[in-house]
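Right, one structure below, let's go through it.
The values are calculated or read from the model by the stated rules, or taken from the named source; none is laboratory data. Fair warning: this is a prediction, and the values are worked out from it, not measured in the lab. The area values use the complete protein model at the heavy-atom level, side chains included, leaving out ligands, DNA and RNA. Shrake-Rupley method; radii C 1.70, N 1.55, O 1.52, S 1.80 Å.
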Amino acid sequence: LAGSVLATLIALSLLSLRLTGNRLAKTLVGVWVSVFRNTPLLVQLMFWYFAAWNWLPRDVISFINADHPWSILPGDVWWLTPEFICSAWGLGVFTSAFLVDEIAQGFSSWAIFRHILLPQGLANAWQPIVGQYLNLMKLSSLASGIGFAELTYQVRQIESYNAHALEAFAVGTALYLFTGIVLGMLLTRLGP
């Protein structure tokens, strides 16, 4: 969800830059799309977590790593963690490159965009856009790659309690499948 919101905001910002007509802005958007579309998601996630994270100011890193009672979700799940922030950012950036490219096909000016192309573009691009959001939801499982040690630790804990690690993975798979079906149906109904 966080990745979807971020991807949408970035895509709209990039679309605005592209529609300015400024050559530098168009080049910047083109580079963004090219870099993030053509780099595998897992490589990007590893970069954000293992490299870019360390470029943040120490005060920011310390704040995020500190214990915050308000950042605990039900089930004792912490959302204010480096893994969550890097995953949400990586998924959002990756998907934004696809969204801006699909939405902005052929848009040339604001008036044409708003009155003619946007209604037609949304009607024609709705299914690919839905596909990108569903793809983001499925790719979020790759985000666990940056926290793989934590993931395997949790599975070992489950297995040590009841020797049912396979069931834990089966439940996770079923949840992804169910979420994908529900999200796909919802987004399809919301389409123009």
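Using a 1.4 Å probe and counting only protein heavy atoms, arrange Thr8, Thr20 so the residue with the most accessible area comes first.
On the way: Thr8 50, Thr20 85 Å².
Heavy-atom accessible area, descending, gives Thr20, Thr8.
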Asp101, Asp59, reordered so the largest accessible area comes first (probe 1.4 Å)
Asp59, Asp101
